[in-house]
Amino acid sequence: MIRIALTREKGTNEKLANLLPKFECLELPCIMFAPGADSEKLGDEITKHDIITITSPQGAAVLLETWIRIGRPDIKVAAVGKGTAKPLISEGLKPVFEPSDFTAVTLAAELPDKYGDRVLYPTSTLADGKLQLGLEKRGFMVTRLNTYETVPSVWTEEMIEIAKSVDIVTFASPSAVRIWKERVGTSATAVVIGPTSARAAEKAGFEKVVCPDGSKGLEIWAMLIADTAKSLAKLL
């Protein structure tokens, strides 16, 4: 049976595994999160901006924790996609905007100016500057806060051996790509959630990188993983 590694942070791989019931899915988290240098500033900044842009589920979790702690003030949020919007909605903070494609570049290009021009961008220390640059080119004033850090997760020797046995490795971030390469190599087929991770995997040296057209969310990613697994199974 084709073995598939799920590399998102611990506790966030179950839904993807449930979408792949016919395959052996192995949870091998490459990343975990820690507070960022600006995490303490978030509470003071939330209500000073017209809209807050959130580009990852972890960014949503950090925002929610602070928002709830300070009494759930009235704020407007734009989320990069459905996976990021879901935890916000579950707490009653429905995003006022989601872009047509689930990338920071598209969010920067499509964010309506009707919500105001003061944007708060809480994000990972490792996030690139594409969202901020794109918004500033359109005339928005962006305050970036590095509210969390993406750090390597801890693996046992057994997990390393399991990782070496997989046929497909799935990636949802460049950080996971980098850590997998350092620990396991690049021989497995990489199936990624979107173009940012695809570029990272190609740069890392993965010979086969499979990517959806744009960033279309978990269900489309799962279908692509399944199709790739079926194709590999025919070659065995």
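Data table
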quantity: Electrostatic dipole magnitude of the chain [Cβ: Lys, Arg +1; Asp, Glu -1; Cα centre; debye, to 20]; calculated: 340 debye
quantity: Accessible area per residue in Å² at 1.4 Å probe, computed on segment 1-154; calculated: 49 Å²
quantity: Exceeding the 18 Å Cα-Cα cut-off - candidates Lys208/Lys234; Lys181/Lys208; Lys15/Lys216; Lys164/Lys234; calculated: Lys164/Lys234
quantity: Mean Cβ neighbour count within 10 Å, used as a protection proxy, ranking 151-162, 195-206 highest first; calculated: 195-206, 151-162
quantity: Reduced Cα scattering model of segment 18-123, Debye log10 I(q)/I(0), q = 0.15, 0.16 Å⁻¹; calculated: -0.66, -0.74
quantity: Cα centroid separation, segment 1-50 to segment 170-206 (Å); calculated: 15 Å
quantity: Longest to shortest principal axis, alpha-carbon extents of segment 85-149, angstrom; calculated: 33, 31, 22
quantity: Sparse-neighbour loop sites [trypsin sites (Lys or Arg not before Pro); segment 52-123; at most 13 other C-beta within 10 Å; DSSP]; calculated: none
quantity: Residue (of Gly71, Leu28, Ala60) at the positive-pole extreme of segment 23-78, dipole from beta-carbon charges; calculated: Gly71
quantity: Coarse-grained scattering of segment 170-234 at q = 0.14 Å⁻¹, given as base-10 log I(q)/I(0) from a Debye sum over alpha-carbon atoms; calculated: -0.35
quantity: Cα centre as origin, Lys/Arg/Asp/Glu Cβ charges: segment 106-236 dipole, Debye; calculated: 300 debye
quantity: Proximal aspartates and glutamates relative to Lys82, as straight alpha-carbon distance under 15 Å, when same-chain residues fewer than 8 apart are discounted; calculated: Glu91, Glu98, Asp101, Glu219
quantity: Alpha-carbon gyration tensor eigenvalues x 5, square-rooted, for segment 100-236, Å; calculated: 33, 19, 11
quantity: Beta bridge orientation in the chain: antiparallel %, DSSP, nearest 5; calculated: 15 percent
quantity: Tail weight of P(r) past 23 Å, computed on alpha-carbon pairs of the chain, percent; calculated: 49 percent
quantity: Sites matching GluC sites (Glu not before Pro) across segment 80-138 that sit in DSSP coil, with at most 16 neighbouring C-beta atoms within 10 Å; calculated: Glu91
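The values are calculated or read from the model by the stated rules, or taken from the named source; none is laboratory data. Computed from a predicted model, the values in this text were never measured in an experiment. Cβ sites come from the backbone with ideal geometry, for glycine too, and all protein chains shown count toward neighbours. All accessible areas refer to the heavy atoms of the entire protein, side chains included, with ligands and DNA or RNA removed. Shrake-Rupley method; radii C 1.70, N 1.55, O 1.52, S 1.80 Å.
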